[in-house]
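Single-structure report; data block below.
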Amino acid sequence: MDYSTNHTITEATKKLEGYCAYQERCHKDVIAKLKQMRMIPEAIDQIVGHLIQENYLNEERFAQSFARGKFNIKKWGRNRIVNELRQRHISSYNIKSALAEIDDHIYLETLDNLAKKRLDSIKDTDIQKRRRKLADYLLYRGWESHLVYDKITELIK
C-alpha cells in the first residue's frame with residue numbers, strides 16, 4: 001500500500017467495503033485500517049457509520065464467526081475466545097452471543113479428543129510432568145481450569 005497518497009472518502013469507503021466483504025471484521029480492525037490510510041477522525045466516523053448502516057460491519061456477526069472459527073479450527077476454549085474478543089473491544093452482549101454458537105456437548109467432546117491426542121504425544125513417564133504438560137497445553141488454549149483438571153484426573157491415573 002502506498003502511504004503517501006491521501007484517499008477520498010469515496011475511495012476509502014469502497015476499499016473498506018471490500019475489506020469487510022472479504023471476511024468479518026470488528027470495528028477496531030476497520031478503524032486501524034482507516035488510520036493506516038491516514039483518514040481524519042471525521043472521515044473515519046463517517047465511513048464506519050456507512051459500513052454499519054449497509055451491514056458490512058456487524059460486531060455480533062463478527063463475534064459469532066470468530067468464536068466458531070477459533071473453536072472449530074484452532075480448538076480454543078471459551079476463556080481464550082473471550083479474552084481475544086475483549087481485546088477487540090467486543091461488548092459483553094456480543095461475547096455472550098458468540099459463545100452461544102458453541103454447542104456444550106461438542107465443546108466437551110472436543111476437549112476430550114484434544115486432551116487424549118496431546119497426552120499421546122507427551123513422552124515423559126513421570127506422572128506429575130505429564131499432568132503439568134497437559135494442563136499447560138489446555139489452559140494456554142483457553143479451556144476452563146475446572147474442565148482441564150477434571151479431564152487430567154480422568155486420563156492420568
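The values are calculated or read from the model by the stated rules, or taken from the named source; none is laboratory data. Just so we're clear, the structure is a prediction, and the values are computed from it rather than from any experiment. When we count neighbours, we look across all protein chains shown, and the Cβ atoms used for this are built from the backbone with ideal geometry, even at glycine.
Couple of notes before you dig in:
For (1) in the same structural domain as W143 (by TED's automatic domain parsing); (2) not in a helix (DSSP H, G or I), each residue gets a yes or a no:
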{"residue": "T13", "(1), (2)": "no, no"}
{"residue": "D29", "(1), (2)": "no, no"}
{"residue": "K33", "(1), (2)": "no, no"}
{"residue": "G49", "(1), (2)": "no, no"}
{"residue": "W76", "(1), (2)": "no, yes"}
{"residue": "E109", "(1), (2)": "yes, no"}
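- Matching residues in segment 46-64 - criterion: being more than 17 Å from the chain's Cα centre (by Cα) and either under 28 Å from N83 (Cβ atoms) or among the aromatic types (F, W, Y) (or both): V48, L51, I52, N55, Y56
- Here L57 meets the list (1) in contact with a helix residue (DSSP H, G or I) (Cβ under 8 Å, 6 or more places away or on another chain); (2) exposed (fewer than 12 other Cβ atoms within 10 Å of the Cβ); (3) not polar (S, T, N, Q) almost entirely, failing just condition (2).
- Test for A67: is it assigned to a helix (DSSP H, G or I) and more than 25 Å from E84 (Cβ to Cβ): no
- So R86, is it under 12 Å from the mean Cα position of the chain (by Cα) and either of a type in the set (D, E, K, R) or surrounded by 12 or more Cβ atoms within 10 Å (Cβ to Cβ) (or both): yes
- If the condition is being surrounded by 11 or more Cβ atoms within 10 Å (Cβ to Cβ) and among the β-branched types (V, I, T), then segment 122-135 contributes only I122.
- Among the residues listed as L119, L147, L114, L138, the single one being within 18 Å of the chain's Cα centre (by Cα), surrounded by 14 or more Cβ atoms within 10 Å (Cβ to Cβ) and either touching a residue at least 24 places away in the same chain (Cβ under 8 Å) or not in a helix (DSSP H, G or I) (or both): L138
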